[in-house]
Amino acid sequence: MTYAAMDIANYIVKKSIELKRPISNLRLQKLLYYIQARFLVETGEPLFCDEIGKWKYGPVIPSVYHEFKKYGSGTIDSISEQLLVERNKNGDIVDISVKHFNEDDIDLKVRGKIEETVNSLSKYGTFDLVHKTHEQSLWKQYEHAIINNYFVEPYTDEEIKQYFSDHSEERIWENK
């Protein structure tokens, strides 16, 4: 099953709050990237369907970034409640509702893998994770364009899967 990245992000934020492990938007972005990579390598399928952009500080899921950007570089202190807007075929708004996060909507085994991955990556500082993503050819080959604010195509699931399949040493979520 494929989830919305925001649901996975909310799960990570909720667990971080419960465990009193502060998490910033930047760290959340790197965790989501490595979690997605793990699922692509191990199952052949993405965990979430949102695109991952190639940004200045490495991989970023824009939908999640924009939801939590109000925290700046500080600690995210609550999960996000998503506003759902339903439109008719003409584009007119017909209904607005709030989607409340429920961790039980995420499969128990999936939650276990997410927690394993987050725990494995806890030995790395946030900027260690940024540096690691910057060393990967997936990002490095676009560095000039990214730094100069040119448009760069987002990562594809296939290129992430291929990269981490070919470079087992980059699977830093594995306890070696």
ASP104 closer than 28 Å to ILE17 by Cα, in a helix (DSSP H, G or I) and of a type in the set (D, E, K, R): yes
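Report those helices (runs of 4 or more DSSP H) wholly inside the range 1-82 carrying at least 2 residues which are at pLDDT below 95 and either surrounded by fewer than 17 Cβ atoms within 10 Å (Cβ to Cβ) or among the hydroxyl-bearing types (Ser, Thr, Tyr) (or both). Steps first, please.
Values: elements: 5-18, 25-43, 62-68.
Output list reads 5-18, 62-68.
Of GLU153, GLU158, GLU143, which residue is loosely packed, with under 13 Cβ neighbours inside 10 Å and free of Cβ contacts under 8 Å to residues at least 24 places away in the same chain?
Numbers: GLU153 fails: free of Cβ contacts under 8 Å to residues at least 24 places away in the same chain; GLU143 fails: loosely packed, with under 13 Cβ neighbours inside 10 Å.
From the options GLU153, GLU158, GLU143, the qualifying one is GLU158.
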Is the range 83-99 home to any residue that is surrounded by 17 or more Cβ atoms within 10 Å (Cβ to Cβ) and touching a residue at least 12 places away in the same chain (Cβ under 8 Å)? no
With criteria (1) in contact (Cβ under 8 Å) with a residue 12 or more places away in the chain; (2) open to solvent by less than 80 Å² (accessible area, probe 1.4 Å); (3) more than 16 Å from the chain's Cα centre (by Cα), ARG171 comes up short on (3)
For residues in the range 100-136 being polar (S, T, N, Q) and open to solvent by 60 Å² or more (accessible area, probe 1.4 Å), which is nearest to ALA9 (Cα to Cα)? ASN102
With the checklist (1) in a loop (DSSP other than H, G, I, E, B); (2) free of Cβ contacts under 8 Å to residues at least 12 places away in the same chain in hand, flag the one item LYS109 doesn't pass. (1)
Please verify whether the range 30-49 includes one or more residues that are under 18 Å from LEU108 (Cα atoms), free of Cβ contacts under 8 Å to residues at least 24 places away in the same chain and of a type in the set (S, T, N, Q). yes
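Which is without any contact (Cβ under 8 Å) to a residue 12 or more places away in the chain and of a type in the set (Lys, Arg), of LYS123, LYS69? Before the answer, list the steps.
Values: LYS69 fails: without any contact (Cβ under 8 Å) to a residue 12 or more places away in the chain.
None of the other options fit; the residue is LYS123.
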Selection within the range 126-157 - in a helix (DSSP H, G or I) and touching a Phe, Trp or Tyr at 6+ places or on another chain (Cβ under 6 Å): VAL130, THR133, LEU138
Please verify whether LEU121 is at pLDDT 95 or above, under 29 Å from HIS144 (Cα atoms) and touching an Asp or Glu at 6+ places or on another chain (Cβ under 8 Å), treating the condition exactly as stated. no
Hits in the range 14-29 - residues which are more than 16 Å from the chain's Cα centre (by Cα) and touching a residue at least 40 places away in the same chain (Cβ under 8 Å): ILE17, ARG21, PRO22
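The values are calculated or read from the model by the stated rules, or taken from the named source; none is laboratory data. Quantities reported herein were computed from a predicted structural model and do not represent experimental measurements. Cβ: placed from backbone, ideal geometry, glycine included. Neighbour counts: every protein chain shown. Surface accessibility is based on the protein's heavy atoms, side chains included, excluding ligands, DNA and RNA. Shrake-Rupley method; radii C 1.70, N 1.55, O 1.52, S 1.80 Å.
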